Amino acid sequence: MQTLTEAVSDYAILFLSEKLSDQLVFHNIDHTYEVVAAAKEIGLQCHLTEKEMLVLEVAAWFHDCGYANTYIGHEEESKKIAKSFLENFGCEKDFIENVLNCIESTKYPQKPFSLLEKVLCDADLYHLTRSHYKAYEKMIRQEFEIYLKLIYTDEEWQIKNCNFLKAHQYYTPYGQEILSKLKEVNIHLMNCSE
């Protein structure tokens, strides 16, 4: 018999592989793999319990499944998909509610309350710390053009991107102490003036 983690990851991988548009160049299965890994890393650094780690990992797998149905408001769709799966798996209501709250907290602008929500929000924006951040921001720009019809000049995008990077704050102690320093490197490399 599969564990919940195995069942969720198997389902999410298959779902995302089959249902996501090829035009989702950032919010694709690779992003989900990265968020799951980042959530585990941050969760361990925050000394989460085994039960909390399970909620977190399940939420990370489901957090962007809603992109299969819609770009704007995908979190609501992700929550529906997660709720249906977890109810069918026989999970307790409190567990499901915690998963759904984590997913909801990733909605921009992020508004996490619990530590678990803060961990998932930090994991969702972990890419701001990556050495190849420039590639990520190009993919996000491409999605904005396709799905939001937001077309920016290079200068406008640079300003928007820099403003976002500088305004963003991580929520967990690990995010504030470690991840924010790595993000600062990208702010410098992006030539974001003060």
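The values are calculated or read from the model by the stated rules, or taken from the named source; none is laboratory data. As the structure is a prediction and not an experimental result, all values here were calculated from the model. For neighbour counting, all protein chains shown are included, and Cβ atoms are generated from backbone atoms with ideal geometry for every residue, glycine included. Accessible surface is based on the protein model in full, side chains and every heavy atom, while ligands, DNA and RNA are left aside. Shrake-Rupley method; radii C 1.70, N 1.55, O 1.52, S 1.80 Å.
Brief remarks follow.
- Unmet criterion (only one of (1) under 19 Å from VAL36 (Cβ atoms); (2) assigned to a helix (DSSP H, G or I)) for CYS91: (2)
- Check on TYR108, in a loop (DSSP other than H, G, I, E, B) and either at pLDDT 95 or above or loosely packed, with under 15 Cβ neighbours inside 10 Å (or both): yes
- Residue in the stretch 33-47 that is at pLDDT 95 or above, over 16 Å from the mean Cα position of the chain (by Cα) and part of a loop (DSSP other than H, G, I, E, B) present: yes
- Comparison of PHE62, PHE95 shows that the only residue that is open to solvent by less than 20 Å² (accessible area, probe 1.4 Å) and of a type in the set (Phe, Trp, Tyr) is PHE62.
- Residue list for the stretch 41-69, restricted to those being touching a residue at least 60 places away in the same chain (Cβ under 8 Å), closer than 15 Å to ASP30 by Cα and hydrophobic (A, V, I, L, M, F, W, C): ALA60
- Exactly one residue out of TYR174, TYR147 is crowded, with 16+ Cβ neighbours inside 10 Å, in contact (Cβ under 8 Å) with a residue 60 or more places away in the chain and more than 27 Å from LEU116 (Cα to Cα): that is TYR147.
- Options LEU86, LEU128, LEU116; residue that is out of contact with any strand residue (DSSP E or B) (no Cβ under 8 Å at 6 or more places or on another chain), closer than 30 Å to ASP154 by Cβ and either in a helix (DSSP H, G or I) or at pLDDT 95 or above (or both): LEU128
- Given (1) surrounded by 16 or more Cβ atoms within 10 Å (Cβ to Cβ); (2) touching a residue at least 12 places away in the same chain (Cβ under 8 Å); (3) part of a helix (DSSP H, G or I), index of the condition ILE13 fails: (1)
- Counted residues, the stretch 111-138 - those being within 14 Å of GLN176 (Cβ to Cβ) and either open to solvent by 50 Å² or more (accessible area, probe 1.4 Å) or free of Cβ contacts under 8 Å to residues at least 24 places away in the same chain (or both): 2
- If you check VAL25, VAL35 for being open to solvent by less than 30 Å² (accessible area, probe 1.4 Å), at negative phi and out of contact with any Phe, Trp or Tyr (no Cβ under 6 Å at 6 or more places or on another chain), only one passes: VAL35.
- Matching residues, the stretch 138-194, being more than 17 Å from the chain's Cα centre (by Cα), in a helix (DSSP H, G or I) and of a type in the set (Phe, Trp, Tyr): TYR147, TRP157
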